[in-house]
Amino acid sequence: MTKDLSIISEIIFETSKIPVTIFNEESQITSQYGNKINPLFESKTEALKPLLQPMENQDYPIIKITDYMETFLLLPITLNKKISNHLLIGPFSTYEITESMINGLMNDYQLPITKQGDLVEYFSQLIHLKQKEIISLCRLTFYLLYNKQLDPQHLKTHIEDTLKCEKGDIETLVRDRRINETFHMDYREEQLIWQCIKEGNKEGLKEHLNNIKIEGIGTLSKISQIRNFKNHAIISVALATRAAIDGGLYPEIAYTMSDFYIQKIEETLELNKINLINQDCLFSFIDRINENKNSNQSKPVQVCKNYIFNHIFDQISVQDLADKVNLNHVYLSQLFKKETGYPIGKYIQIEKLKESQKLLVQTDLSVADICMMLQFNDQSYFTSIFRKYSGQTPNQYRKNPNAINT
């Protein structure tokens, strides 16, 4: 296998012009093709060894991104279910790294000015790959190593999963590090991004981001590259928020999501995570739009539903809603039931019960406090309708929220 691995590595290097390095099981370099070394490190081993971390699916391609905007493809080579070698392809980049970006990196990591020229030369030599080209490189290398084909879509999903941020509130993550460069692209191409969000067109946005030609990002901070990326990401979130609202997402949901993602962007100090959080935001907006989309509902009903969402902790009357949409309350009640299947009062009650479920699971508030917050004046009545809705009492639901509703 060692001899074959050397031949395969040489072929990959000659084909892609991207360096290939082979490490043995002791993480020592045994062969190398191409000799690009980040000038911030004394040796290639020092620069690359930290990338050789144990991972699940160890015989599967893994994308690695450094804090210095370098991208690598790692393939652990297994023999008898044990890692025998590592094949590391890289460095390469997914966009043009400009001199202003390098200056920002130097400020972020307090690098000596004497390294500036070396870094400019180093980054200017990196090969640029689009996401499709990365996937093709993964498939080619894997086929040469194992004589097996990888499904492109499965591989794409696997790569996206590899690059996810922390689990929890972030539900969907799509790996595309180029979105922050939309501000210097063709205006029509930029508008297509926001149009895809507005229409809830997830596949269209994926395809557009995957094929778009990137010319580079603008400079929104001259003293820090991290600040520069954060500023671009925040602008992107703001524009995506407006597009999502135009697409029918409740404004309060959109603004709350915007606040959450901007806070996540501000909290991180890792360049690749800034981009990943930004991407997750765009696709999460699309998911929310598609969840709430109902083209059969009229504007007055949509406005009422949005008002109910925003004022879920208030007393809400049919007259309040009728005043909001300038309709007779009787006519509005008939229209609302026709389009949603629920009388307004019942719909409000269900939305309050849904909110009470979230409060029971996500907070330590007492049942009495939740009852009061949601304007249920009688705790016994609240418990009764909660049981009818969820099949459990509030306290039972708090202990076992995953039980099936009856």
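Per residue, how much accessible surface does region 332-406 expose to a 1.4 Å probe? Answer in Å², no decimals.
60 Å²
Of the heavy-atom accessible surface of region 257-406 (probe 1.4 angstrom), what whole percent is carbon and sulfur? Intermediate results must be reported in sequence, preceding the final value.
Numbers: 3860 of 8120 Å².
Within region 257-406, the accessible surface is 48 percent carbon and sulfur.
Given axes a ≥ b ≥ c from the Cα gyration tensor, I'd like to know whether region 247-406 is rounded (a/c under 1.5), prolate (a/b larger than b/c) or oblate.
Values: a/c = 2.11, a/b = 1.21, b/c = 1.74.
Oblate shape, in that a/c is at least 1.5 and b/c is the bigger or equal ratio.
Applying 1/(1 + (r/R0)^6) with R0 = 25 Å to the Cβ-Cβ distance of Phe41 and Glu99, what FRET efficiency is obtained, to the nearest 0.05? Display every interim value, and only then the final one.
Values: r = 21 Å, r/R0 = 0.83.
Efficiency, from the Cβ-Cβ distance: 0.75.
Listed here are the pairs Lys36/Lys206; Lys206/Lys230; Lys346/Lys399; Lys64/Lys264; which of them are more than 29 Å apart at the Cα?
Over 29 Å Cα-Cα: Lys36/Lys206.
Label points 7 Å out from Cα along the Cβ direction at Glu133 and Asp151: separation in nm?
Each label point lies 7 Å from its Cα, and together they span 2.7 nm.
Determine, from the Cβ-Cβ distance of Asp320 and Gln362 and an R0 of 22 Å, the FRET efficiency 1/(1 + (r/R0)^6), rounded to the nearest 0.05.
Details: r = 27 Å, r/R0 = 1.24.
Using R0 = 22 Å, I get an efficiency of 0.20.
Between Thr78 and Ile385, with labels modelled 7 Å along Cα→Cβ, what's the label distance in nm to one decimal, could you check?
5.4 nm
The values are calculated or read from the model by the stated rules, or taken from the named source; none is laboratory data. Bear in mind the structure is a predicted one, so any value in this text is a computation, not a measurement. With ideal geometry, Cβ positions are generated from the backbone for all residues, glycine too; neighbour counts draw on all protein chains shown. Note: areas computed on protein heavy atoms with side chains; ligands, DNA, RNA excluded. Shrake-Rupley method; radii C 1.70, N 1.55, O 1.52, S 1.80 Å.
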